[in-house]
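Peer 1: Okay, handing you the structure first.
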Amino acid sequence: MEDNNVLIVDVRRSRTDYITRQVKFQTETGTDDPLVIVDIDEIVERYRRWYKLLPRVKLFYALKCNNDERIVNVIARLGGSFDCASKSEIQQILDLGVDPSRIIYANPCKQMSHITYAREHDVDLMTFDSEDELVKIKMLYGSARLLLRFRSKLICKAMYDLGKKFGCIFEEATDLLLSAKRKDLDVIGVSFHVGSNCLNADAFSSSIKEARMIFDIGQQIGFVMEILDIGGGYRGRDCDRPTLEENAAIINQCLDEYFPEADRVKIIAEPGRYLVESAFSAAVNVIGRKLVYTNDKSSIDHVMYNLNDGIYGSFNWVNEIKDGFSMSPVNKKARQEKHSSTVWGPTCCCTDCLATDIHLPLLEVGEWVNVSDIGAYSFCLSTTFNSMPHPNMYYFCSRDNWTLMKYPLDP
Ligand code: PLP
């Protein structure tokens, strides 16, 4: 891994400061391409906060959320484990030198050749939620250690309701466990996911309670149930609720009640968004502007802006957010006028629209705007539609954490 674009900082600064610095650098070097700053110290801090708040819950970072090689490397060196959804994700983690025991193949529906790859590389912990998945696993990796993924009865209020696609219902669990037993497969636990960006912390309490019941059924059938996987779903920004503190209070209480430490059940989780969302911020250039005047031409009715990153690039997630897209000028000069504005991405497609009718100060062509908290489900979904460039990435990291990135991996 090359160290270009990593800036070692003696004193950690705000992400706005980092953005301002890199915008200045790019302006001086005559580059107007979009840029992203990555605050590696933020990821280290959030990782440590996780263990402070959830000391019993081992973190398996969900690689699908953002597989940036530097941040994955940091998480590996901190001792983190990984949730992988495919052969390539498993390969990325193994190539770092991470032991296969630190990987869960947590896609309940796996391509057959990917199961074979997992077997060949000793990644034996995986999830399932259907009879047909059991058949595939029996055929290709009979000694795998399996977690039954279920979906909670409680409606989880989440941005992405994963229960629509994955997880058996409670009533199906017994049949699936019996079938696994008949096939001589090894079920060792239960998993769930309350949905990404989950808004109700009680989704965790009801899911943990249901997981206990499925655990008991598994034990009655004769399995040694030893892992509970409480999935992802934690918020990525500290301003959003439930905060990790609020989720952790409920999770810890339920674990104590239903999975007390004395039972020695290993608890794992698969956070994605929580670790990375707030560590990435973008600065994009205003590459075009159209002032649309009132009919009598006396004043500006609204303004249309074109930015050089958009829906097909780093901001695909904007389609999903309810509270709207927000951005702010990097140059903080005072501006009186605000106008109803439409913000477009750079491609020739009319669906490449980030916001309509938002009130913005009047921006100039060529100036930079800041979009914060873009680390989750952004770059992994971005395209180069219209051959638009990916943003330039700049990584900021304290000296201590930079040293950590060079540490050997724990076995
Ligand atoms: N685990 C699984 C199986 C997932 O499908 C996902 C997201 O889709 C995650 C973990 C990560 O979820 P989040 O980013 O909400 O924490």
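The values are calculated or read from the model by the stated rules, or taken from the named source; none is laboratory data. Since this is a predicted model, take the numbers as computed values, not measurements. Cβ coordinates were reconstructed from backbone atoms using ideal geometry, including for glycine residues, and neighbour counts include every protein chain displayed.
Peer 1: Mind checking which pairs have a first residue in the range 225-243 that is in contact (Cβ under 8 Å) with a residue 24 or more places away in the chain and a second that is buried (at least 24 other Cβ atoms within 10 Å of the Cβ) and among the acidic types (Asp, Glu), Cβ under 7 Å, 6 or more apart or different chains?
Peer 2: 229/270; 231/270; 232/270; 236/277; 237/277
Peer 1: When the residues of the range 257-281 are narrowed to those that are of a type in the set (Ser, Thr, Tyr) and within 26 Å of residue 15 (Cβ to Cβ), which ends up farthest from the ligand (Cβ to nearest atom)?
Peer 2: Kept after step one, since they are of a type in the set (Ser, Thr, Tyr), are these residues of the range 257-281: 258, 274, 278, 281.
Among the residues that remain, those that are also within 26 Å of residue 15 (Cβ to Cβ) are: 274, 278, 281.
On the way: 274: 6, 278: 13, 281: 18 Å.
Per the stated criteria, the residue is 281.
Peer 1: Here's another thing I want to ask about it. Among the candidates 184, 202, single out the residue that is over 29 Å from residue 318 (Cβ atoms) and charged (D, E, K, R).
Peer 2: 184
Peer 1: Would you pick out the residues in the range 15-52 that are in contact with a strand residue (DSSP E or B) (Cβ under 9 Å, 6 or more places away or on another chain) and in a loop (DSSP other than H, G, I, E, B)?
Peer 2: 31, 32, 33, 34
Peer 1: Test residue 119 against the stated conditions and say whether it is under 23 Å from residue 378 (Cβ atoms) and either within 16 Å of the ligand (Cβ to nearest atom) or part of a helix (DSSP H, G or I) (or both).
Peer 2: Details: under 23 Å from residue 378 (Cβ atoms): no; either within 16 Å of the ligand (Cβ to nearest atom) or part of a helix (DSSP H, G or I) (or both): yes.
It is false that residue 119 is under 23 Å from residue 378 (Cβ atoms) and either within 16 Å of the ligand (Cβ to nearest atom) or part of a helix (DSSP H, G or I) (or both).
Peer 1: Additional query: Is one or more of the residues making up the range 147-158 in a strand (DSSP E or B) and modelled with pLDDT under 95?
Peer 2: Scanning the range 147-158, I find at least one residue that is in a strand (DSSP E or B) and modelled with pLDDT under 95, so the answer is yes.
Peer 1: With the requirement that a residue be part of a loop (DSSP other than H, G, I, E, B) and without any contact (Cβ under 8 Å) to a residue 24 or more places away in the chain, what does the range 278-321 give you?
Peer 2: Listed by number, the residues that qualify are 294, 295, 296, 297, 298, 299.
Peer 1: Report, by residue number, each residue of the range 213-247 that is part of a helix (DSSP H, G or I) and buried (at least 16 other Cβ atoms within 10 Å of the Cβ).
Peer 2: Here is the first cut: in the range 213-247, the ones part of a helix (DSSP H, G or I) are 213-221, 244-247.
Passing the criteria: 214, 215, 217, 218, 244, 247.
Peer 1: Here is a list: 39, 32, 17. Which entry is of a type in the set (Asp, Glu) and without any contact (Cβ under 8 Å) to a residue 60 or more places away in the chain?
Peer 2: One residue alone meets the criteria, 17.
Peer 1: Out of curiosity, is residue 163 assigned to a strand (DSSP E or B) and within 16 Å of the ligand (Cβ to nearest atom)?
Peer 2: no
Peer 1: Restricting attention to the range 222-244, which residues are within 16 Å of the ligand (Cβ to nearest atom), farther than 27 Å from residue 182 by Cα and not aliphatic (A, V, I, L, M)?
Peer 2: Of everything in the range 222-244, those that are within 16 Å of the ligand (Cβ to nearest atom), farther than 27 Å from residue 182 by Cα and not aliphatic (A, V, I, L, M) turn out to be 231, 232, 233, 234, 235, 236, 237, 238, 240, 241, 242, 243.
Peer 1: Got at least one residue in the range 88-97 being surrounded by 15 or more Cβ atoms within 10 Å (Cβ to Cβ), assigned by TED's automatic domain parsing to the domain that holds residue 226 and more than 26 Å from residue 276 (Cβ to Cβ)?
Peer 2: Looking for residues that are surrounded by 15 or more Cβ atoms within 10 Å (Cβ to Cβ), assigned by TED's automatic domain parsing to the domain that holds residue 226 and more than 26 Å from residue 276 (Cβ to Cβ), one finds none in the range 88-97, hence no.
Peer 1: State all residues of the range 239-254 that are more than 24 Å from the chain's Cα centre (by Cα) and farther than 17 Å from residue 193 by Cβ; if no residue qualifies, say none.
Peer 2: If the condition is that a residue be more than 24 Å from the chain's Cα centre (by Cα) and farther than 17 Å from residue 193 by Cβ, then 253 is the only one that fits.
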